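Presented below is the structure to which this report refers.
The values are calculated or read from the model by the stated rules, or taken from the named source; none is laboratory data. This one's a predicted model, so the numbers in the text were calculated from it and none came from an experiment. Because the Cβ atoms are built from the backbone with ideal geometry, glycine has one as well, and the counts that use them run over all protein chains shown. Heavy atoms of the whole protein, side chains included, go into the accessibility calculation; ligands, DNA and RNA do not. Shrake-Rupley method; radii C 1.70, N 1.55, O 1.52, S 1.80 Å.
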Amino acid sequence: MKLRMLMMGLAVAGAAGATLVAAAADNPAVAASAAAPSPAVAAPGGALYTVKDGTKVDSETMKGFRAWRAAACDRCHGANQEGLVGPSLLTSFKTLTKADFAKVVTEGRLVKGMPSFGSSAVVTENIDHLYAYLKGRSDGAITQARVQEIK
């Protein structure tokens, strides 16, 4: 049954929202998350992510969305990150640090069914961008799973 759930692909749905910029200086939760190991993610102005109208994101956060899709994370965590056989990332990211996220993704939690993505270049090269995308979803700034790049 779990294997069947892992093989499922899901459609993306959601709603629109307001313009938000999550600057670490303005948001203690983002500041704590941004203090983790890698400083590679930086939306314009030093923010962890930038979101416009709830569905448009900066180019760095867009890389995170693309990594999410390429790694097919939705097969376990759901198309909207609300969880399937894997946990809801919208909930997990309320307390998950960037360092803990990177460790889980690269090393896995095989006992709980989470595979390691440490050998996936698309994931490891975009781990910070993926974190920013998922943090934006959890914070509610990104209001739907499918996003577009701010032009």
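Which condition from (1) open to solvent by less than 20 Å² (accessible area, probe 1.4 Å); (2) modelled with pLDDT of 95 or more is the one that Ala43 breaks?
Evaluating Ala43 over (1) open to solvent by less than 20 Å² (accessible area, probe 1.4 Å); (2) modelled with pLDDT of 95 or more leaves (2) as the failure.
One residue is enough: does region 109-130 have a residue meeting the conditions acidic (Asp, Glu) and in a helix (DSSP H, G or I)?
Of region 109-130, the ones acidic (Asp, Glu) are 125, 128.
With the extra rule that they be in a helix (DSSP H, G or I), the set shrinks to 128.
Yes, because at least one residue in region 109-130 is acidic (Asp, Glu) and in a helix (DSSP H, G or I).
Of the residues that make up region 84-94, is at least one of a type in the set (Val, Ile, Thr), part of a loop (DSSP other than H, G, I, E, B) and under 25 Å from Gly54 (Cβ atoms)?
For region 84-94, residues of a type in the set (Val, Ile, Thr), part of a loop (DSSP other than H, G, I, E, B) and under 25 Å from Gly54 (Cβ atoms): absent.
Looking only at residues in region 124-151 that are among the aliphatic types (A, V, I, L, M) and touching an Asp or Glu at 6+ places or on another chain (Cβ under 7 Å), which one is farthest from Thr95 (Cα to Cα)?
Start the filter on region 124-151 by keeping residues that are among the aliphatic types (A, V, I, L, M), which leaves 127, 130, 132, 134, 141-142, 145, 147, 150.
The next check asks that each one be touching an Asp or Glu at 6+ places or on another chain (Cβ under 7 Å); those that pass are 132, 150.
On the way: Ala132: 14, Ile150: 28 Å.
The residue in question is Ile150.
Which of (1) modelled with pLDDT under 95; (2) open to solvent by less than 60 Å² (accessible area, probe 1.4 Å) does Cys73 not meet, given it meets every other one?
Failing condition for Cys73: (1).
Going through Ala13, Ala102, Ala36, Ala67 one at a time, which residue ends up being surrounded by 15 or more Cβ atoms within 10 Å (Cβ to Cβ) and at pLDDT below 95? Even if it seems obvious, please write down each step before you answer.
Details: Ala13 fails: surrounded by 15 or more Cβ atoms within 10 Å (Cβ to Cβ); Ala102 fails: at pLDDT below 95; Ala67 fails: at pLDDT below 95.
After ruling out the rest, the residue left standing is Ala36.
Looking only at residues that are polar (S, T, N, Q) and open to solvent by 50 Å² or more (accessible area, probe 1.4 Å) in region 107-130, which one is nearest to Thr50 (Cα to Cα)? Quick ask: steps written out before the conclusion?
Taking region 107-130 and keeping what is polar (S, T, N, Q), we get 116, 119-120, 124, 126.
Within this subset, residues satisfying the condition of being open to solvent by 50 Å² or more (accessible area, probe 1.4 Å) are 116, 119, 124.
Numbers: Ser116: 28, Ser119: 29, Thr124: 22 Å.
The residue in question is Thr124.
Consider Asp139 against the criteria (1) among the charged types (D, E, K, R); (2) closer than 19 Å to Val51 by Cα; (3) surrounded by fewer than 17 Cβ atoms within 10 Å (Cβ to Cβ): it satisfies all of them except one. Which criterion is unmet?
(3)
Under the condition of being in a helix (DSSP H, G or I) and out of contact with any strand residue (DSSP E or B) (no Cβ under 7 Å at 6 or more places or on another chain), which residue from region 46-64 is surrounded by the fewest Cβ atoms within 10 Å (Cβ to Cβ)? Lay out the reasoning, then the answer.
We begin by selecting, within region 46-64, every residue in a helix (DSSP H, G or I); these are 46, 59-64.
Within this subset, residues satisfying the condition of being out of contact with any strand residue (DSSP E or B) (no Cβ under 7 Å at 6 or more places or on another chain) are 46, 60, 63-64.
Details: Gly46: 11, Glu60: 22, Lys63: 21, Gly64: 26.
Out of the qualifying residues, it is Gly46.
Which condition does Thr91 not pass, out of (1) polar (S, T, N, Q); (2) open to solvent by less than 30 Å² (accessible area, probe 1.4 Å); (3) touching a residue at least 40 places away in the same chain (Cβ under 8 Å), if it passes all the others?
(2)
Is it true that Ser88 is under 24 Å from Val111 (Cα atoms) and of a type in the set (S, T, N, Q)? First the steps, then the outcome.
Details: under 24 Å from Val111 (Cα atoms): yes; of a type in the set (S, T, N, Q): yes.
Yes: the conditions hold for Ser88.
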